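Okay, so here's the structure we're looking at.
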Amino acid sequence: MRSTRALIYKNNLMHNLKTVGSFLRPKTKLCLAVKANGYGAGAITAANAAHACGAACVAVATVDEGIELRENRISCPILLLSLCSEDEVQLAVQHELSPLVCDNDYIAQFEKSAARAEKKIAVHLAIDTGMGRLGCAQDAAAALAQKIAAAPHLALAGTCTHFASSDEATADARVYTERQFADFVRAVQSMKEAGVNPGVCHCAASAATFTQPDMQLDMVRVGIAAYGYYGGEATLAAVAASGQALKPVMALQTQVSMIRRIHAGQYVSYGRTWKASHDTDIAVLPIGYADGLFRCLSSGCAHEDAQDKNERLHVAINGKQFPVVGRICMDQCMVELGSNSGVHRWDKAMIFGPYESGALQDAAAIAKMAGTIPYEILTSVSERVPRVVV
Ligand SMILES: *Cc1c(COP(=O)(O)O)cnc(C)c1O
């Protein structure tokens, strides 16, 4: 196996799921988002952990992701959070995925496909209360729900919405989320008044699950928290107040594949952006941007202007931090060891991970340096990086 790998700490995944569970109200069910290969941790690993922790269902973004789960004997309901293409509808039906629906056309396509397959498919009605992405208008919910209820091969299993700002701590964001929630509750009420059972009502993702327990309703859709990260400050505060902490699930590890002596005045990597000011040792690591180590984290690239020196990307080797120097290449990067570092060829080099991995930073720290969020760091670890469950 290659030196660069993603270690998946299954115990941490279980720990995080239990932590989420400790925040759930007695009747609230858990749906674990396992889209994007389980936020990089492995969709099957994540779905099995969800099952072991009593989750009611899992959620994916694409039909292919759903099929992968079915082919690995995941038999619980699978929510399909994004819209699929016309030619995927039949596959979604065949594998009994439960789509979010929000318009007549899409509902009709699923009814037609389900009828042809002689199946009854569970669907969830998505209502847009202010995310501006998927969902029907609030005043269209009742009529669409009636339409689903009247479709012989569809069952309205649930009704949902999605918050735009539940991971932000500002008063303005809180007011917006409360308004979204109130509108959702009102839309659900209108469905009931029209004589339709809305099924399982759900709106909270990780952030609201922790910070607004009153919005958990029948089910929560949790992703990032299960993989060990807080959507924002408010989530961190809520978990800390309970005396608990989430633990990163993934560690990104590589090995020193070579150590070279570089002399003062010599350059390292493309564009010669880094020049040794003194004689020093350079370690070559077989990890690059094609593995998910963003090129914008290189020292000497434009992004560096926005970083002070301490925020530059460092890699932990034997419990010490060493800076990445020169441009990160597609498949390799270089770190400066200095002299007498005590580092040897094949020593482990940790990019990020939980404390016990030997990493000295998590994906949130890397995200900050790259000007993004932990979600993107985790889901960017590419397919060619083998996942090793530890
Ligand atoms: C991905 C996703 C979630 C999970 O969000 P987290 O912030 O990772 O908990 C919930 N709901 C929908 C609709 C999603 O797309």
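May I ask for the angle, rounded to the nearest 10°, between helix 104-117 and the longest principal axis of the chain, with both axes built from Cα atoms and the value confined to 0 to 90°?
Approximately 80 degrees, to the nearest ten.
Inverting the mean 1/r over all pairs of different Cα atoms, compute the Kirkwood radius of segment 49-144 and quote it in Å.
Details: mean 1/r = 0.0715 Å⁻¹.
Value: 14.0 Å, from the Cα pair sum.
Work out the charge dipole of segment 92-177 with +1 on the Cβ of Lys and Arg and -1 on the Cβ of Asp and Glu about the Cα centre, then indicate which of His95, Ala143, Ala126 is farthest towards its positive end.
His95
Rounded to the nearest 20 Debye, what is the dipole magnitude of segment 267-390 about its Cα centre when Lys and Arg each give +1 and Asp and Glu each give -1 at the C-beta?
I would put it at about 180 debye.
Treating the angle as unsigned and between 0 and 90°, give the value, to the nearest 10°, between the Cα long axis of helix 171-193 and the longest Cα principal axis of the chain.
Between helix and principal axis, roughly 30 degrees.
Kirkwood-based Rg over Rh for segment 67-219 (C-alpha set), two decimals? Display every interim value, and only then the final one.
Values: Rg = 15.8 Å, Rh = 16.0 Å.
Rg divided by Rh gives 0.99.
In Å², what does the accessible area per residue of the chain work out to with a 1.4 Å probe? Before the final figure, lay out the partial values.
On the way: 17120 Å² over 390 residues.
Ligands and nucleic acids excluded, the result is 44 Å² per residue.
Report, in deg cm²/dmol and to the nearest 500, the calculated mean residue ellipticity at 222 nm for the chain, where each DSSP H run with n ≥ 4 adds -39500 (n - 2.57) and the sum is divided by the residue count.
Details: 12 runs with 121 residues, N = 390.
For the chain, the value works out to -9000 deg cm²/dmol.
Taking K and R as +1 and D and E as -1, what net charge do the other residues with C-beta under 12 Å from the C-beta of Pro248 add up to?
Working: positive: Lys247; negative: Glu356, Asp362.
So the surrounding residues net to -1.
Out of Ala359, Gln212, Gly66, whose Cα points farthest toward the positive end of the dipole of the chain (charges: +1 Lys, Arg; -1 Asp, Glu; placed on Cβ)?
Ala359
Calculate, axis by axis, the spread of Cα positions in segment 336-378 along the three principal axes, and write the results as whole Å, longest axis first.
If we take the Cα atoms of segment 336-378, the spans are 36, 22, 14 Å.
Straight-line reach from Lys368: which aspartates and glutamates have Cα under 19 Å away, leaving out those fewer than 8 places along the same chain?
Asp167, Glu168, Glu233, Asp291, Glu304, Asp305, Asp308, Glu311, Glu376
Through the Karplus equation 6.51 cos²θ - 1.76 cosθ + 1.60, θ set to phi - 60°, convert the phi angles of segment 266-278 into ³J(HN,Hα) values in whole Hz; use x for Gly and Pro.
Result, rounded to whole Hz: 7, 9, 10, 6, 3, x, 6, 7, 10, 10, 5, 8, 7.
If you find the alpha carbon centre of segment 86-114 and of segment 122-139, how far apart are they in angstrom?
About 16 Å separates the Cα centre of segment 86-114 from the one of segment 122-139.
I'd like the per residue volume of the convex hull spanned by the Cα atoms of segment 1-107, given in cubic angstrom.
Once divided by residue count, the hull of segment 1-107 is 126 Å³.
Accessible area of Lys18, 1.4 Å probe, to the nearest 10 Å²?
130
Provide the FRET efficiency to the nearest 0.05 for the Ala52-Ile259 pair, computing r from the beta carbons and using R0 = 45 Å. Don't jump to the answer; show the numbers that get you there.
Details: r = 43 Å, r/R0 = 0.95.
Calculated transfer efficiency: 0.55.
I need the phi-derived Karplus couplings for segment 87-102: 6.51 cos²θ - 1.76 cosθ + 1.60, θ = phi - 60°, integer Hz, Gly and Pro marked x.
7, 8, 4, 5, 5, 4, 5, 4, 9, 6, 7, 9, x, 7, 10, 7
What is the percent of Cα-Cα separations in the chain that go past 32 Å? It would help to have the intermediate numbers written out before the result.
Working: 31606 of 75855 pairs.
Within the chain, distances greater than 32 Å cover 42 percent of Cα pairs.
Over the chain, what percent of the accessible surface lies on carbon and sulfur atoms, probe 1.4 Å?
C and S atoms contribute 50 percent here.
With charges only on Cβ, +1 for K and R and -1 for D and E, what is the dipole size of the chain about its Cα centre, in debye, rounded to 20? Don't jump to the answer; show the numbers that get you there.
On the way: 36 positive and 37 negative charges, 214 e Å.
That gives the chain a dipole magnitude of about 1020 debye.
Quick one: net charge around Leu13, please, counting Lys, Arg +1 and Asp, Glu -1 for every other residue with C-beta under 13 Å from its C-beta. Walk me through the numbers on the way to the answer.
Numbers: positive: Lys10, Lys18, Lys247, Arg387; negative: none.
Summing Lys/Arg as +1 and Asp/Glu as -1 gives +4.
Enumerate the calculated ³J(HN,Hα) couplings along segment 314-325 in order (Karplus 6.51 cos²θ - 1.76 cosθ + 1.60, θ = phi - 60°), each rounded to whole Hz, writing x wherever the residue is Gly or Pro.
Listing the rounded values in order: 10, 10, 8, 10, 6, x, 10, 8, 10, x, 6, 10 Hz.
Could you give the nm distance between label points at Gln146 and Lys275, where each point is 7 Å from its Cα heading toward the beta carbon?
Simple spin-label model gives 7.7 nm for this pair.
Can you pull the one-decimal nm distance between simple spin-label points at Thr170 and Arg25, each 7 Å off the Cα toward Cβ?
For Thr170 paired with Arg25, the spin-label model returns 2.9 nm.
The values are calculated or read from the model by the stated rules, or taken from the named source; none is laboratory data. As the structure is a prediction and not an experimental result, all values here were calculated from the model. Virtual Cβ from ideal backbone geometry, glycine too; neighbours counted across all protein chains shown. To get the accessible areas, we keep the full protein, side chains included, count just its heavy atoms, and leave off ligands, DNA and RNA. Shrake-Rupley method; radii C 1.70, N 1.55, O 1.52, S 1.80 Å.
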